[in-house]
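*Asks:* Structure below; questions to follow.
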Amino acid sequence: MRILIVLSFFILSGGCQMSITDVFQSRNIEPPAQLTVAEQFVGMNEQTDRVTLKEFMGIDPARVEWCAAFVNSVLSDVDITGTGSLMARSYLDWGKSTDTPSPGDIMVFSRGNSNWQGHVGFYVATVTYKNTAYWIVLGGNQDNSVSYRMYKVGHRRHLETRTLNDAPVKLETLRAMQWMLDGIPLEVIRDNAN
């Protein structure tokens, strides 16, 4: 069953077998740098991996809401300037808005009924599961860990997707993401679907 089973195991287990980077490279496509960096932290928890995450982000993830700090640190690691703010919604003013997300773009969500709280993470791909389209988002402070999470396309909490891409992502990149995730058995992470 193609490499998708291996990739689904990676996504569901935190990365023991094959990474997104491996999938891109197997198709001779350079993966978005921010996804390559972010996936190195998949599975790390704010309690059990507190020291490592604190060193990477410069804040204590057990004491501070850290999704924006994670995005800022990942971007900094690949020489892209983030917002520098711990506020997820600060990314509403970063880059430019896009209605067609590409791997590595930043998705901003509201949180609760607050008009200032939010959540932010990296768009990975769009998948269909049980006839419903979902965005897969890789981010920090998702269930207190760096993880993949599914959000229904058009989710009521989705505020905006932001990009630095001036041109559409290469068709080969989008095909690689689709090839990678088509038919993926999402039985475990579906519990995190919103």
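The values are calculated or read from the model by the stated rules, or taken from the named source; none is laboratory data. Everything quoted here is computed from the prediction, not taken from an experiment. Glycine gets a Cβ as well: all are built from the backbone with ideal geometry, and neighbour counts include every protein chain shown. The protein model used for the area step is the full one, side chains on, heavy atoms only, and it has no ligands, DNA or RNA in it. Shrake-Rupley method; radii C 1.70, N 1.55, O 1.52, S 1.80 Å.
*Asks:* Computed over the Cα atoms of the stretch 68-148, what is the ratio Rg over Rh, Rh following Kirkwood? Don't skip to the answer; put the middle values down first.
*Replies:* On the way: Rg = 12.8 Å, Rh = 13.3 Å.
With Rg and the Kirkwood Rh in hand, the quotient comes to 0.96.
*Asks:* Sticking with this one: What does the stretch 65-114 give for Rg and for Dmax, in Å, if only its C-alpha atoms count?
*Replies:* 11.1, 34
*Asks:* Over all directions, the average projected area of the alpha-carbon convex hull for the stretch 33-83 comes to how many nm²?
*Replies:* 3.2
*Asks:* Moving to a separate point now. As a test question: what accessible area, to the nearest 10 Å², does Val64 have when a 1.4 Å probe is rolled over all protein chains in place?
*Replies:* About 50 Å², ignoring ligands and nucleic acids.
*Asks:* Roughly what percent of Cα-Cα pairs across the stretch 24-125 reach past 22 Å?
*Replies:* Cα-Cα pairs of the stretch 24-125 separated by over 22 Å account for 31 percent.
*Asks:* Given Cβ point charges of +1 (Lys, Arg) and -1 (Asp, Glu) and nothing else, what value in debye, to the nearest 20, does the dipole of the stretch 62-129 about its Cα centre take?
*Replies:* Values: 4 positive and 6 negative charges, 49 e Å.
Magnitude of the dipole: close to 240 debye.
*Asks:* Per 0.36 nm of contour for each residue apart, how much would the distance between Val64 and Met87 grow if the chain were fully extended, relative to their Cα-Cα spacing?
*Replies:* The span from Val64 to Met87 would gain 7.2 nm if fully extended.
*Asks:* In addition: Taking R0 as 30 Å, what's the FRET efficiency between Asn131 and Arg111 from their Cβ-Cβ distance, rounded to 0.05?
*Replies:* 0.60
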